[in-house]
Each structure stands twice: as C-alpha cells, then as structure tokens.
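The values are calculated or read from the model by the stated rules, or taken from the named source; none is laboratory data. This is a predicted model, so every value here is computed, not measured. When we count neighbours, we look across all protein chains shown, and the Cβ atoms used for this are built from the backbone with ideal geometry, even at glycine. Calculation scope for accessible area: heavy atoms of the full protein, side chains included, ligands and nucleic acids excluded. Shrake-Rupley method; radii C 1.70, N 1.55, O 1.52, S 1.80 Å.
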Amino acid sequence: MRIFALKMLFGDSAKFYGILLGLGFATLLISQQSSIFVGLMSRTFGFITDTPQAEIWIADPDQRYLDDNKALRTTAVQRIRGIEGLEWAVPLYKGLIMVQLPDGQRQMSQVIGIDDSSLIAGPSRMLEGTLDDLRRSDAIIVDERACRREFMLKRPPEGGPPRKLRVGDVVELNELRAEVVGICKATQTFQSQPVIYTTYNRAIQFAPPNRRMTSMILAKAAPGEDVDALCARISERTGLSAFPTDAYREKTLQYWIRETGIPINFGTSIILGFVVGVAVAGQMFYNFTLDNLKYFGAMKAMGATTPRLLGMVSMQAATVAVLGFGLGIGITSAFGLTVPGDRLAFRMTWHIPLVAAGAVTLICVASAALGMYRVFRLDPADVFKG
Amino acid sequence: MSAVATDLAIRARAVAKAFGKGDSRVVALHSADFDVPCGEMAMLVGPSGCGKTTLISIIAGLLARDHGELSVLGTDPSALSGDKRTSWRLKTVGFVFQQFNLIPQLSVVENVAVPLVLGGTRMSEAIERSSEMMARVGLKGRERGSPIKLSGGQQQRVAIARALVNSPKILVCDEPTSALDGATGQSVMELIAETCRGPDRAVVIVTHDERIFRFADRIAHMDDGRVDRLTDRDGNPLDGAAPQGGAPMEQHA
Ligand SMILES: Nc1ncnc2c1ncn2[C@@H]1O[C@H](COP(=O)(O)OP(=O)(O)OP(=O)(O)O)[C@@H](O)[C@H]1O
Ligand SMILES: [Mg+2]
C-alpha cells in the first residue's frame, strides 16, 4: 500500500506542490537566515579564529568585545612579559588612520600593527608578497577586498584607466610614507573600513600622537602552564582582563548577541519561516488528509487496519518532509555557494540543517498527527451511506 | 463455530441496532432475522430508511449490532474488536458501496487492485488480475487514467470489479446496478452470481431494481427495521423460513 500512498500524494499535484513549496520555503527561510546570522556572528570574532597562535587575550578591563578599542599604555606589554609562565607576549595595534592614495583620494582605514619580530597575528592568507616583506622599511600589506573597492585608483598617477592599488604603490598614512609590499586576504570583520597590516612600531608612528597606544596584548602560555590560572595571575598582577581564546571568543559573541538587535531581527525571520511552514504546508497537508478521508474509509472497510492507514499517512508526511526539506536546503546551499563571501556573511554550520529539519519534522508530525486522529476515528460504516 | 454454519453462510437472529442517544435516538433495526444458505444469492428489498444498509453493514462487519445473534461463516463479526474485525473483512467480505469511493489519484486498474494489495498480493500480479477482472465487467482498455473520467455506470462497474477481484466468500452490494442500463446490469449480475456461487459463499444484494430479481434465490422484504416476508424470485412465499415464527405470509404482487 506504500506505493498507493505515494501515488495518492503525487496524484494530487496542486496540494503536493503546495505542501512542497511551503516546506521548502520554511526550510529556506530558517536555514538561510540562520546561516547569515551565524556568518555575521562569526565575523565578530574572525580575528580571534584567524590568530590561532595566541592562547591568551589581554585587554583593558572595560573592553566589551574584540573590536572595542580601549587602549593600553605602550609599556603594558613589558609588565605582562614580567609575569612568569608565559612563552611570549606581543602587542597589537588596531586603529583608524587616514590613508591618502597615490591619486589623492583619502580613506579612513583600519590599521593593524603586529609584533615587529614575530609577526604574530598577521593575515592568514597572502595573495601577493610574503608576510616577511613587512620587515622592509615603510612596508604595509593591504587587503585584496579593499583594493577592489575603496583602494581603487580613479586617476592613477601614471595615467590610464582606473586600476586597483597594487604592490609597489606608495601611499601616505597620516602624511607618512608607506609602500604596499603585499596583498592579503584579511579576515572579514564587522568593521567595514579597508584593512591595512603593518608592524606594531610602524603603526604607532602612523597613529596620531595622542593615540599611540597598544590596543591589546596577545600571549602564549609556556608549555605545561595552566592557561586559566595564568589568566587569573595576569589580571591580578596588572589589573587588565585576560581571557583564554575560547572564553574571549565567547565574550565577544555574547556582546553582539546580548547588546545588539541582530538576534531579534534574524529570530523574527526564522520564526516567520516556521509560521509560514505551519500555516501553508501544515494546513495543506492536513487538508490533504481530510480530502482523502473517504478513501481511507473505503480502504478501512475493505480491510486496511488502522495501523496500516496510519502508516500510509506517515509515509506521505515523511515524503513531503524529506522533499520539502531537500528543496529548501538545496536552494539555501546554492545561495550560499553563489553569493560572494565578502558581500554577505553566510555560514551554514551542521546545526542549521538540523534545526531546519527539526522544524520541518515538527510541522509534518503535527499536521500528520491531526490527520491521523481523523483516520483513527474513521467509521468504515459511513462509506456505505448513499 | 456451530453446526448450522455448514449450511447457512449467514444466520442473523433478532439483530437490533439503534443510532444516537436520547431524543435523537433512531432505531434502524428492531429485530431482524435473516438467513442465507451457502451458495445462495439473497436480495434485500424495502422502503427507504427501513434498515437495509444497516443490516448488510452489520453482516459485513462494518457496524456492530446492539443485540441479537449473528454468524457469518461461523464468525460473529460484531464480537470482534477494531483491527481484528478489519482483518476479518479483508479475508471474508467484498463490498460494492452505494458510494463508489474510487481513489481519483490512482488509475482505474490500481483502484481495482486495492483489495489484492491489502491482502499482500505482489503489485505486478495484482495489476494483472485486476486487468482481467476489468475485462470481465466490460472495461477492457480503460485500465489507465483516473476513475473520475469514467461515467457513473463505468465507475460502478469498477467498484464491482474491485469487490470481486479477490473472490470474497461473502459479497455485499448496496444497489449495485443503480447506475447501469438493463443489459449491462444483467451481465454484471451474471458475473456476481458466477463468482460467488460455492460451498462457503454467499451474496447479499440490497436493490430496488426488479430487473435483477431473477438472479435471487430468495428475497427478504424489510419494513421498519424487520425482515417481515421471505419470497422466492417470483414473489412466492418461502416455507420453513418464516422468520417471526408463524407470522402470517401475505401474497406478494
Ligand atoms: N449513522 C447513523 N446515524 C443515525 N441514524 C442512522 C445512521 N445510519 C442509519 N441511520 C438511520 O437508520 C435508519 C435505517 O437506515 P438505513 O440506511 O439502513 O436505511 P436503508 O434501508 O438503507 O434506506 P435507503 O433505501 O434509503 O438506503 C434510517 O432512519 C436512518 O436515518
Ligand atoms: Mg441504504
């Protein structure tokens, strides 16, 4: 009878496609919005993920999240280095500095100054040049994304059509000369400004005099040291906050989740997707079962037991659930693969299809259960009525 | 179960059935006595609302009686519960509904195959046997396509083919020829008569169609929830089967 159950389902094409679209749309909305949400949220701590060498993140105790710049004295790193149990500790500079391009355009940019000797916390991927090129004088590395957008030279000094900023170009940071020695793919963050990497000491020189400060200190525990205990020791000795990587990532994420309206926005869309699924697909599936009630009644009269009929309804529900979910997840994945990553944060973790599948299952189980109740209560004698 | 079952396929005694409660209570069967010997075709006639459908529904195990005794091939379907009764129907009874209830999403031949598939026959074999049965009710060539494209009479023949396809021991039909013209009605009745003649078989047909009375071995005349007369196909009273023990037999026109 399973094949008949499927034929009954596919045969009612208006309802079948309606249910499929409803479930597909619900899956799409839930999974796509969740993926964008997760994508955006992981951007908030992208820099942390891309700096795996650091085990401990030290900042001003008032800092609320990664990009919250609460500067430290430049001497802070020395005090940190004095604490036993550390393998190394390096300063990090992050700040907005005015950049003047060769064609005279000015652009506020996010400058990241990394430790001069170790070059820890540099860009995770170089497209042109090497990280070591930063050791050359006046060297900076610019983000490829910025080259395509903010750092597009409208009137290149050598003439000709507009072109991207490239290796060898000379720019000015706060009136100081800097030369592009490399192009990198910088971690996508929540900040929209173009990203420039240079060394810590050079960044301090580029920065306006009143902002020549350390943004953060990254550190690594000596082998065998307990990271949590070390963090506690650092806080106690210096009055600064010190977090292990995981906790720091969590702190940053929690800030964005708690303190911004972003989760509410996405949550609304996701709930909407679920409601649409219930209202359209669930309702339609229930109606489909009701439409078929008299045929189920006839089958019951002809000898189909209740478990058998319920099996048919489950089969139909499971089929629309799988197909509808597949459709929605398929479109979502296609969307995720097509839309360029720098346009839209999109990150489908394995939890997301699971959540969407759960929602679809809930819709189908609920509407099938309602339909099954009616099938269960069916009186086969009714089919004899004229 | 009882010795009677060897010669009586259906034996009903003082079967009563009421619907509803309180003010809306309707007594559909007061005390119906009804026997069908093995191998016979019985017809049930009577005015609208006299309880014909109710009686065959109880015989077929679709409804449970409230009172009385019932044996259908040795089993009292009313005494079986839920799915047991459903399984008993599957093994024992074929139906032609007043409502055909053909499934529009299935092809005509698949509709006919439903009882076979329910009984566990392989799909390919079920379709083959169903096609043969369709040919026998004069619907060869109409296997594919939805039953809603068929005329009322054709749909009725599909319903009959479906009822006969697994050669049920007991066949109950509610107005099986209502939508058929005379000639088609006759040929369908011949098929029904032929398929269901046999030692442990019987047919019960509710009908108003006098043209098919000639197929009946006995005709039970019902009124107000009782079988009050039993005649042969020509309307002559049948002896020895007076249900109400000595109730006077009127001559039937
Ligand atoms: N499910 C039900 N609920 C309430 N009353 C019912 C039900 N089924 C039948 N009845 C009543 O029982 C009586 C007998 O009904 P039944 O259907 O057996 O008559 P019938 O002889 O088949 O009539 P017809 O020739 O019109 O089909 C009628 O008064 C009917 O209204
Ligand atoms: Mg009736």
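Whenever a residue of the stretch B:37-53 is away from chain A (no Cβ under 12 Å) and touching a residue at least 12 places away in the same chain (Cβ under 8 Å), its partners that are within 9 Å of ligand 2 (Cβ to nearest atom) and not in a strand (DSSP E or B), lying with C-beta atoms within less than 8 angstrom and at least six residues away or across chains, give the pairs B:L44/B:K52; B:L44/B:I56; B:V45/B:K52; B:G46/B:K52.
From the list B:R65, B:R122, exactly one residue is open to solvent by 40 Å² or more (accessible area, probe 1.4 Å), within 14 Å of chain A (Cβ to nearest Cβ), away from ligand 2 (no atom under 16 Å from the Cβ) and in contact with a strand residue (DSSP E or B) (Cβ under 7 Å, 6 or more places away or on another chain). Which is it? Testing whether each residue is open to solvent by 40 Å² or more (accessible area, probe 1.4 Å), within 14 Å of chain A (Cβ to nearest Cβ), away from ligand 2 (no atom under 16 Å from the Cβ) and in contact with a strand residue (DSSP E or B) (Cβ under 7 Å, 6 or more places away or on another chain) leaves just B:R65.
Residue selection: B:G20 satisfies the criterion of being within 16 Å of ligand 1 (Cβ to nearest atom) and either closer than 25 Å to A:R377 by Cβ or among the β-branched types (V, I, T) (or both). Taking the conditions exactly as written (more than 12 Å from the chain's Cα centre (by Cα), buried (at least 22 other Cβ atoms within 10 Å of the Cβ) and more than 13 Å from ligand 2 (Cβ to nearest atom)), does B:P77 satisfy them or not? Judged against the criteria, B:P77 is a match. The set of residues in the stretch B:186-226 being assigned to a helix (DSSP H, G or I) and surrounded by 21 or more Cβ atoms within 10 Å (Cβ to Cβ) consists of B:V188, B:M189, B:I192, B:I212.
Screening the stretch A:345-381 for residues that are within 16 Å of ligand 1 (Cβ to nearest atom) and out of contact with any Lys or Arg (no Cβ under 8 Å at 6 or more places or on another chain) and picking the one that is least open to solvent (accessible area, probe 1.4 Å) gives A:A381. In this structure, B:P37 qualifies as away from ligand 2 (no atom under 16 Å from the Cβ) and open to solvent by 20 Å² or more (accessible area, probe 1.4 Å).
Output the residues belonging to the stretch B:73-86 that are in contact (Cβ under 8 Å) with a residue 40 or more places away in the chain and in contact with a Lys or Arg (Cβ under 8 Å, 6 or more places away or on another chain). If the condition is that a residue be in contact (Cβ under 8 Å) with a residue 40 or more places away in the chain and in contact with a Lys or Arg (Cβ under 8 Å, 6 or more places away or on another chain), then B:L73 is the only one that fits.
Applying the condition of being in contact (Cβ under 8 Å) with a residue 12 or more places away in the chain and within 7 Å of chain A (Cβ to nearest Cβ) to the stretch B:87-100 and asking which residue is surrounded by the fewest Cβ atoms within 10 Å (Cβ to Cβ) yields B:Q98.
Any residue at all in the stretch A:329-342 that is in contact with a Gly (Cβ under 6 Å, 6 or more places away or on another chain), surrounded by fewer than 19 Cβ atoms within 10 Å (Cβ to Cβ), at pLDDT below 90 and over 30 Å from B:G61 (Cβ atoms)? So far as the stretch A:329-342 goes, no, none of its residues is in contact with a Gly (Cβ under 6 Å, 6 or more places away or on another chain), surrounded by fewer than 19 Cβ atoms within 10 Å (Cβ to Cβ), at pLDDT below 90 and over 30 Å from B:G61 (Cβ atoms).
Only one residue in A:T319, A:T332 is part of a helix (DSSP H, G or I), within 45 Å of the chain's Cα centre (by Cα) and within 14 Å of another protein chain (Cβ to nearest Cβ). Which one?
Among A:T319, A:T332, only A:T319 is part of a helix (DSSP H, G or I), within 45 Å of the chain's Cα centre (by Cα) and within 14 Å of another protein chain (Cβ to nearest Cβ).
B:A161 satisfies every condition listed in (1) within 16 Å of ligand 2 (Cβ to nearest atom); (2) in contact with a helix residue (DSSP H, G or I) (Cβ under 8 Å, 6 or more places away or on another chain); (3) open to solvent by less than 10 Å² (accessible area, probe 1.4 Å) except (1). Taken across the stretch A:270-288, residues that are assigned by TED's automatic domain parsing to the domain that holds A:I19 and of a type in the set (S, T, N, Q) do occur, with at least one present. Cβ-Cβ distances below 8 Å connect the following pairs, each with a first residue in the stretch A:87-103 that is touching a residue at least 24 places away in the same chain (Cβ under 8 Å), a second residue that is of a type in the set (S, T, Y) and open to solvent by 40 Å² or more (accessible area, probe 1.4 Å), and a separation of six or more residues or different chains: A:W88/A:S118; A:V90/A:S118; A:P91/A:T74.
Across the stretch B:165-178, the qualifying residues are those that are surrounded by fewer than 24 Cβ atoms within 10 Å (Cβ to Cβ) and away from every other protein chain (no Cβ under 12 Å), and the one among them that is farthest from ligand 2 (Cβ to nearest atom) is B:S167.
Is it the case that some residue within the stretch B:47-55 is within 11 Å of ligand 1 (Cβ to nearest atom), in contact with a helix residue (DSSP H, G or I) (Cβ under 7 Å, 6 or more places away or on another chain) and part of a helix (DSSP H, G or I)? Yes - at least one qualifying residue is present in the stretch B:47-55.
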